[in-house]
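Below is one structure, written out as structure tokens; the observations come after it.
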Amino acid sequence: MRAFLVAAFLALLCGCLAPPEDPPPAIVAPPPPPPPGGGPPPRPPPPPPTVCGGAGILDTGGHGGFPGSGAGQDGGIGQLWLVRIDRGTANLADSIQRLIQRTTGALRDARLSPRGIAVVSLYDGALIWSTRDASQDPLNAVATLLSARAALDNPAPAGCATFQLLDLGRRLSQIGAPAGPFATPPGALLVGLIDHGARPAPLASCGDPAAALAADIACWASFGSLVLPRAEFRFGFFATPETGTTAQMKTSCLAVQGLPVTTIDSLEASDFPFFDPLAQQMEQRQPGLATRFDLCRALGLDAPAQLATFATAWAQLLAAQP
């Protein structure tokens, strides 16, 4: 019996002192498969190059429709109208509203998509009226607000007729903020200037606005940080003559069909040439960029045909853009 107990004790002692068993091998997950096509994942595209001395980014299109079409993500056609404000504007208010309405209709008939419109004072830059969407707005309030503005004690027009345009151009997206007419950048912009009186200063004393307005890229106009190519702009200069006398002009205007007689006493020819040479200088840099309209004819029954030709030619050029 004693021998059996001794043998059992020795067996237990040997088991306790035996080396431990090796741990099971660790399981290592295989590496993920490489991306399709092999190689590292693609890098993000570089930021778009800046233009206008680093102050802007050029809109290169590709919005799902050509500029001004309003298709896809395109912003349609914007309109910026600068109107001379003085006492005589009250007699012209209805005719000016009709001109803006006819222009909007001509753009629409040319298969463009009018969107935001702003009407501002030509010589002091004050906002008079605006809409974000011309397709939903009949533009019937323009005449009332022009008349109300004309009734105020406004300073006499002074300075260069393009000064406010160039100033507004730097901050188009801020007009009427926060939900102004150009808060969404348009695909193209029509600029109309309406001046029924004598120009306060000749173009020769106003530097070289044609160089800025006709430059490609159009750095004079920015929508936030976005700028557009020159093809996406058109200018209409609706003004009284810059040759001849006011009496000669009134005789000519009386022969225009559909021109309200009440408007004629508010019209004055200009001794200083401004819009004639400006349109010519811009035309030399880019044919078709600026069109000079005789104001009497633009307010009469000739207007629809003139505006249709203007809008159709521009629409054809825009349709060829990306």
Inset, instruction - Please specify each residue of the range 281-304 satisfying the condition of being at pLDDT 95 or above, over 27 Å from PRO67 (Cα atoms) and surrounded by 15 or more Cβ atoms within 10 Å (Cβ to Cβ). - result: ASP294, LEU295, CYS296, ARG297, LEU299, GLY300
Legend entry - Subset of the range 192-217 [surrounded by fewer than 22 Cβ atoms within 10 Å (Cβ to Cβ) and of a type in the set (Asp, Glu)]: ASP208, ASP216
Inset, instruction - Determine, yes or no, whether LEU278 is crowded, with 16+ Cβ neighbours inside 10 Å and either in contact (Cβ under 8 Å) with a residue 24 or more places away in the chain or touching a Cys at 6+ places or on another chain (Cβ under 9 Å) (or both). - result: yes
Inset, instruction - Within the range 242-259, identify whether any single residue is at pLDDT below 95, farther than 26 Å from ASP86 by Cβ and not β-branched (Val, Ile, Thr), and answer yes or no. - result: no
Inset, instruction - Return the total of residues in the range 305-322 being under 24 Å from the mean Cα position of the chain (by Cα) and open to solvent by 30 Å² or more (accessible area, probe 1.4 Å). - result: 11
Inset, instruction - Say whether the condition of being within 16 Å of ASP208 (Cα to Cα) and aliphatic (A, V, I, L, M) is met by at least one residue in the range 241-256. - result: no
Inset, instruction - Would you please name the residue that is farthest from GLY76 (Cα to Cα), looking only at residues in the range 130-150 that are open to solvent by less than 20 Å² (accessible area, probe 1.4 Å) and outside any helix (DSSP H, G or I)? - result: LEU139
Inset, instruction - Filter the range 218-262 down to residues that are surrounded by fewer than 19 Cβ atoms within 10 Å (Cβ to Cβ), out of contact with any helix residue (DSSP H, G or I) (no Cβ under 8 Å at 6 or more places or on another chain) and touching a residue at least 60 places away in the same chain (Cβ under 8 Å) and give me whichever is nearest to THR162 (Cα to Cα). - result: PRO229
Inset, instruction - From the list ASP153, ASP124, ASP167, pick out the single residue that is open to solvent by 10 Å² or more (accessible area, probe 1.4 Å), in a loop (DSSP other than H, G, I, E, B), in contact (Cβ under 8 Å) with a residue 24 or more places away in the chain and over 22 Å from ALA315 (Cβ atoms). - result: ASP124
Legend entry - Of all residues in the range 125-151 being modelled with pLDDT of 95 or more and over 29 Å from ALA218 (Cβ atoms), the one that is farthest from the chain's Cα centre (by Cα): ALA151
Inset, instruction - Select from the range 237-267 the residues that are of a type in the set (Gly, Ala, Ser) and not in a loop (DSSP other than H, G, I, E, B) and write down the one among them that is nearest to ALA90 (Cα to Cα). - result: SER266
Legend entry - Residues of the range 204-219 that turn out to be in contact with a strand residue (DSSP E or B) (Cβ under 9 Å, 6 or more places away or on another chain) and in a loop (DSSP other than H, G, I, E, B), as a count: 4
Legend entry - Search result, residues across the range 147-171 that are of a type in the set (A, V, I, L, M) and within 18 Å of GLY224 (Cα to Cα): LEU165, LEU166, LEU168
Inset, instruction - Taking the residues in the range 49-63 that are within 17 Å of the chain's Cα centre (by Cα), open to solvent by 50 Å² or more (accessible area, probe 1.4 Å) and of a type in the set (Gly, Ala, Ser) as candidates, determine which candidate is farthest from ASP216 (Cα to Cα). - result: GLY62
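The values are calculated or read from the model by the stated rules, or taken from the named source; none is laboratory data. Please read these numbers as outputs of a predicted model, since none were measured by experiment. FYI the Cβ positions are ideal-geometry reconstructions off the backbone, even for glycines, and counts take in every protein chain you see. The accessibility values were calculated without ligands, DNA or RNA, using every heavy atom of the protein model including side chains. Shrake-Rupley method; radii C 1.70, N 1.55, O 1.52, S 1.80 Å.
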